[in-house]
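Okay, structure first, notes after.
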Amino acid sequence: MQVYLERTGGFTGISKTICVDTNKLPNPTAEELSKLVASADFFRLPEQIIPEHAQCDRFQYRLTVENHGQQHTVIVSETALTNTLRTLIEYLNQLQISQ
């Protein structure tokens, strides 16, 4: 499975990109990432999740997952993140720090 995360916006406007290939991760880490994607029910999420109230200087995330020939992209504002998506994004950020 390949996971791509792009964060844009925020106060400074600096973008950040994370690319993770589970084939290059230790098994426990790859399994945890797969569980987080499944927990978010990622492939059933809409392509865009819009917050009720737009706010300036917030992050926007573009998250793409490719798995077994299936690909899905979700664009979501920081203020519209579900708990499961927030957990997934935090895990991806931790993976980038530890690599």
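The numbers here are math on the coordinates, done by the rules we state, and not lab data. In this text, all values refer to a predicted model and were calculated from it rather than measured experimentally. Cβ: placed from backbone, ideal geometry, glycine included. Neighbour counts: every protein chain shown.
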query: Going toward the positive end of the dipole of the chain, with +1 on Lys and Arg Cβ and -1 on Asp and Glu Cβ, which of Val37, Val3, Pro51 do you reach last?
result: Val3
- line: For the chain, the longest principal axis of the Cα atoms and the Cα long axis of helix 27-39 enclose an angle in degrees, to the nearest 10, of 50 degrees
Amide H partners (placed H, <5 Å) of Arg58, local residues excluded: Gly10
- prompt: What is the helix-to-structure angle for 83-98, meaning the angle in degrees between its Cα long axis and the longest Cα principal axis of the chain, kept from 0 to 90 and rounded to the nearest 10?
  reply: 70 degrees
message: Only bridges whose two residues both fall in the chain count here: according to DSSP, what percent of them are antiparallel, nearest 5?
response: 90 percent
- prompt: Can you work out the base-10 log of I(q)/I(0) for region 2-98 at q = 0.18 1/Å, using the Debye formula on its C-alpha atoms alone?
  reply: -0.82
